[in-house]
Amino acid sequence: MSRSRNNGYLQQLFNLQRKYTTSKVRKTQTKTLCKKIKKTAAEKAACAQQRRQSWETFTKDLQEACQVILAEAVKLHQKHGGHDIKYYTELLYQDARQKDKRQISDWNGWVQLEGKRLNEELGHGERLKAHNITVQAKTTWQKMSSNKQKAAAAGVQGLEEAHEVRKLGKRNIPLSAFHNTKKTLEHIEHQLLALHAHASTEVALIAARSNQDHYNPPHIIISSTCVSKFFDLGICQTLPDFALHFDAFCLSGVQSIAKNYIQTTLEMKKNISIMILDKLCQAAGVPVPHMCYSNFDHFIMEKYHIILEGWPLEKLCSPSDIASRNEISVLMASFDSSSTCFRKLSAAEFEKWSNDRFNTAVESTSGPTTTLQDSSLAPPSSPHAPSPLSESPVPPTLIYSGTSP
C-alpha cells in the first residue's frame with residue numbers, strides 16, 4: 001500500500017514536470033566586440049564642458065517651467081478661490097496626496113448590496129469583479145431618486161463594520177499561516193522544477209510545521225526519481241515516511257530539550273568553578289585571581305601554601321574540561337560535603353614539602369641522592385615529572401597524602 005502510494009505521488013510529480021520541459025534548443029548568442037576608441041584629454045574636457053552647459057540649460061528651463069505653473073496656480077486661486085495656492089499647485093503637478101480616508105457614502109453601501117445580490121444570482125464558484133459590479137450598479141443608481149438612494153443604501157453600516165474589523169479585528173494566525181505557506185511553497189515548487197528542467201539540478205525540499213496549531217501537512221518537493229532512490233537506498237526510508245518523521249521531530253520539542261540539557265550543564269560548570277575559587281580564597285586568606293589546575297603545586301601550593309585534599313576525579317582539571325555531567329555532579333557534591341577541600345599548610349609542613357620537592361627534582365636530573373627520612377609529607381616521586389603533585393600518573397584521590405596536624 002505504501003509503495004503504490006509513493007508511485008502515485010511520483011507519477012503525479014512527473015505529470016507536473018511536463019510543462020517544465022521543451023524540445024526546442026537554445027541558440028548560442030555571441031556578442032560582437034566593438035573596438036573602443038580612447039579619447040584624448042582635450043576631447044574629455046570638451047565632453048565635460050558640454051555636459052555642464054547642458055545641465056545648466058536644463059536647470060534654467062526647469063525653473064522657468066515651475067514659474068509658469070506657479071503663475072497658473074495663482075490665476076486659478078484668483079478665479080475660483082476656496083483653496084490656497086499650494087492646493088492648485090499640487091493639482092497642476094498631479095502630486096496631491098490623500099492624507100485622510102474618505103467617509104463611506106451611500107453609493108459605497110449600494111455597490112456592496114448590489115454586488116452581493118449579483119454574486120448570489122451567479123451561483124457557487126462564480127463571482128463578478130469590482131468594475132463589473134460598479135457598471136451594473138451605476139445604471140440602477142442613476143434611475144433612483146435621492147430619497148430612494150438613501151433608503152436603499154442600508155449596507156453602509158455593514159461596510160463600516162467590515163472596515164473596522166479589517167483594521168482592528170484579530171487575525172486567525174494559523175489559517176493565515178496555512179494559506180501563506182501553501183502559496184509560497186507552490187511558487188517555490190514551480191521555480192525549483194523549472195531550475196531542474198534547464199540546469200539539471202537535483203532538488204529535495206521538505207517543509208514541516210513547527211507549531212501544533214498550524215494546519216499544514218509535510219510538503220515534499222523532489223526533482224526526479226534520483227532523489228527518491230537516494231532516500232530508499234541511502235537512508236533506508238521512503239521520502240513520505242522521512243517527511244512524517246521530520247514533522248514529528250519539529251513538533252516534539254526535542255531540540256529544546258537538548259538545548260536545555262546543554263545550558264544546564266554549562267551552568268553547573270560555571271557554578272562549580274565559582275565555588276572552587278571562593279573556597280580557595282577562603283583557605284588562602286587573601287584574594288586569589290584565579291584557580292590554576294595545571295601546575296597546581298607551582299602556582300598554588302608554592303605561592304599560597306595551600307593543598308587540595310580529596311579530589312574525586314582521576315585527573316585534576318578545570319570543570320570546563322569535564323565532558324560528563326555525572327562527574328560534574330560528583331565534584332559539586334564532594335565540595336558541598338567538604339570531603340574535598342583546600343587546607344593551608346603550617347610553616348613546618350610547607351618547609352618539609354619544599355625540601356622533598358627539591359630533592360625529587362635533583363634526583364630526577366642527577367640520579368639518587370640522600371633524601372629526608374620522614375616521608376609523611378613527601379609527594380610520590382616520578383623520574384619524569386618535576387611537578388609530581390600535579391602530573392602524577394596515580395589517580396589523585398588525595399592530593400596531599402600527609403596527616404593533618
## Note on the structure
Taking 0.36 nm per residue of separation between Val135 and His298 and subtracting their Cα-Cα distance, the length gained on full extension comes to 49.1 nm
### Message
Give me the extension gain from Asp232 to Asp336: residue separation times 0.36 nm, minus the current Cα-Cα distance, reported in nm with one decimal.
### Response
32.0 nm
### Task
For Gln53 and Leu185, calculate 0.36 nm times their separation in residues minus their Cα-Cα distance, and state this gained length in nm to one decimal.
42.0 nm
### Query
In whole angstrom, how far apart do the alpha carbon centroids of segment 297-356 and segment 184-231 sit?
58
### Message
Heavy atoms only, 1.4 Å probe, whole protein assembly: order Leu205, Leu92 by accessible area, highest first.
### Response
Leu92, Leu205
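The values are calculated or read from the model by the stated rules, or taken from the named source; none is laboratory data. No experiment lies behind these values; they were computed from the predicted model shown. For the accessible areas, the whole protein counts, side chains as well, though only heavy atoms, and no ligand, DNA or RNA atoms are used. Shrake-Rupley method; radii C 1.70, N 1.55, O 1.52, S 1.80 Å.
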